[in-house]
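So the structure is just underneath, and the comments pick up after that.
The values are calculated or read from the model by the stated rules, or taken from the named source; none is laboratory data. Note that the coordinates shown come from a computational prediction; the quantities given were computed from them, not determined experimentally. FYI the Cβ positions are ideal-geometry reconstructions off the backbone, even for glycines, and counts take in every protein chain you see.
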Amino acid sequence: MKKIMLVEDDKTIVLGLEYFLKQEGYDIIICYDVKSALKTIDTEKYDIAILDISLPDGNGYDVCSAIRRKSDVPVIFLTACDEEVNVVMGFDMGADDYVTKPFRVRELLSRIKTILNRAGKGEKNKKEILISNLFINTATGKVIKNNEEIMLTALEYRLLLTLVNNEGNILTRNQLLEGIWDIDGNFVNDNTLTVYIKRLRDKIEDDPQNPKIINTVRGMGYRIGG
């Protein structure tokens with residue numbers, strides 16, 4: 001049974017999510033504030049964390065940072081704060097997804113399953129991908145280049161996987177944005193994608209100014225391989 005740590009101070013939301021997720025076969029650890037969440041991180045094992053940002057004694061970013069200091073457990077931010085700066089900050093801290101209130105519980109469940117599978121904690125088998133001199137293990141989420149691990153943010157990793165999973169095909173900017181966030185969000189824009197393409201190239205390319213892995217197809221989009 002997969003275990004979820006839910007950090008949320010709205011007891012109405014907690015009650016609904018707890019009932020629904022238990023019906024779907026998940027075990028739930030409930031924390032109503034940062035203090036109890038930090039204690040849980042130190043004492044409990046769990047497969048994924050769902051974090052509200054606004055909490056009585058701090059915020060979900062503090063909890064996410066504490067999680068990342070200890071493990072690579074997937075994190076979903078669940079919050080009413082949908083401004084782009086908050087979204088990007090969350091992904092840069094290592095979050096795997098960002099769901100804005102109000103939300104549909106079925107949508108959240110779908111995201112949980114997708115992230116657990118991608119993290120190798122679901123039912124999918126391990127998968128290893130080799131692109132040029134880049135080795136990707138989707139079961140562990142590790143990216144290796146020349147025998148050294150490349151540290152990618154969650155958003156950079158999702159962007160890379162979206163390209164890799166469509167190797168040889170041209171992806172438009174809209175397709176890439178949909179692959180990164182999986183939903184249509186008002187905070188998604190071309191400037192954000194341009195920034196993350198550059199960041200990703202800086203990390204994986206031998207010469208970011210003359211990329212060989214992520215190729216720009218002028219007027220159309222981007223492509224890996226092919």
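Some points to look at:
- Every residue from region 138-152 that is surrounded by 13 or more Cβ atoms within 10 Å (Cβ to Cβ) and among the hydrophobic types (A, V, I, L, M, F, W, C): A139, V143, I144, I150, L152
Here's the yes/no breakdown for (1) among the charged types (D, E, K, R); (2) modelled with pLDDT under 85; (3) closer than 27 Å to L21 by Cα:
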position	(1), (2), (3)
M89	no, yes, no
G120	no, yes, yes
N166	no, yes, no
L171	no, no, no
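- Qualifying residue in region 180-191 (condition: closer than 20 Å to N169 by Cα, surrounded by 12 or more Cβ atoms within 10 Å (Cβ to Cβ), at pLDDT below 90 and in contact with a strand residue (DSSP E or B) (Cβ under 9 Å, 6 or more places away or on another chain)): yes
- Of all residues in region 18-56 being in contact with a strand residue (DSSP E or B) (Cβ under 6 Å, 6 or more places away or on another chain) and in a helix (DSSP H, G or I), the one that is surrounded by the fewest Cβ atoms within 10 Å (Cβ to Cβ): E18
- Residues that are more than 14 Å from N59 (Cβ to Cβ) and at pLDDT 80 or above were ranked within region 73-87; the one that is surrounded by the fewest Cβ atoms within 10 Å (Cβ to Cβ) is V73.
- Residues in region 153-169 that are surrounded by 21 or more Cβ atoms within 10 Å (Cβ to Cβ) and touching a strand residue (DSSP E or B) at 6+ places or on another chain (Cβ under 6 Å): L163 alone.
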